[in-house]
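Taking it in order: structure first as structure tokens, then the write-up.
We did not get these values from a lab; they are worked out from the coordinates using the rules stated. Remember, it's a predicted structure, so these values are computed and weren't measured experimentally. Here the Cβ is made from the backbone with ideal geometry for all residues, glycine too, and neighbour counts use every protein chain on show.
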């Protein structure tokens, strides 16, 4: 049984159906990639997993999303859920404050006041995001002065600081240069030892390199979900094969 399971999830924006009967089992301590053409529902699905779609007016969700066997719409409040299921967005969005305060922000909101504990969390989170060595001598400098790739890893550190179990990543490298992209990819390989990662990516090569499982979305449906090597080398559905070989999308 996966750490997150979705059962017959339908999602509507007003009268438009964006997700149709999504059934997925997200495995613990693995990277699951969601691939598919633009507008196929993958980011919408990702945001369903920590109730980010609740913030959009006119959204209606049917079916079940289970996190560790409990229904996220009935058994969790969204604050607790988003602490345990963290999110990293497409564009780095550091707060206009120091590097230290960016990382300490979440733990402080969740009631951690002890300076030693905060110092430890900041250091461990920056190490977890492979950023500590680059910034340890300038923790009090404004985070907006960092490069784009560093800012994205800072956003990952900020998410790690509240000690989640699952990391959702919505195209986390699409705004980054190739070297920064590689660093974030290497990081994911490390992170999955401790966390479960679900990533939306447009980049086929990236999905092939970093993920253990891949779900191919098309027009709001999951066409195929399997281990990544099966999806890429032995797809069962012709549409999956056409997408992966670049015939459409």
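Quick notes on this structure:
- In terms of the mean number of neighbouring beta-carbon atoms within 10 Å, the peptides 83-95, 110-122, 177-189 order highest first as 83-95, 177-189, 110-122.
- Mean residue ellipticity, 222 nm, helices only, the chain: the sum of -39500 (n - 2.57) across DSSP H runs of n ≥ 4, divided by residue count and rounded to 500, is -10000 deg cm²/dmol.
- For the stretch 1-141, dividing the convex hull volume of the Cα atoms by the residue count gives 148 Å³ per residue.
- Helix axis angle, 178-191 relative to the chain longest principal axis, alpha carbon, degrees: 90
- Cα-based helix-to-principal-axis angle, 115-128 vs the chain, degrees rounded to 10: 50
- Residue order, fewest to most surrounding Cβ atoms within 10 angstrom, among 34, 81: 81, 34
- Relative exposure of 162, 200, judged by other C-beta atoms within 10 Å (fewest first): 162, 200
- Order of 233, 195 under a 10 Å beta carbon neighbour criterion, fewest first: 233, 195
- Per residue, the convex hull spanned by the Cα atoms of the stretch 4-244 measures out at 122 cubic angstrom.
- Length available on full extension from residue 114 to residue 230: 0.36 nm per residue minus the Cα-Cα distance, which gives 36.9 nm.
- Dividing the mean sequence gap of close Cα pairs (under 8 Å, 6+ apart) by how many residues the stretch 157-249 holds gives a relative contact order of 20 percent.
- Rounded to 5, percent antiparallel among DSSP beta bridges of the chain: 60
- For the chain, relative contact order (Cα pairs under 8 Å, six or more residues apart, normalised by length) works out to 28 percent.
- Folded to 0 to 90 degrees: helix 148-160 orientation relative to the chain principal axis, Cα: 90
- Reciprocal mean inverse distance between Cα atoms of the stretch 103-244 - Kirkwood radius, Å: 16.7
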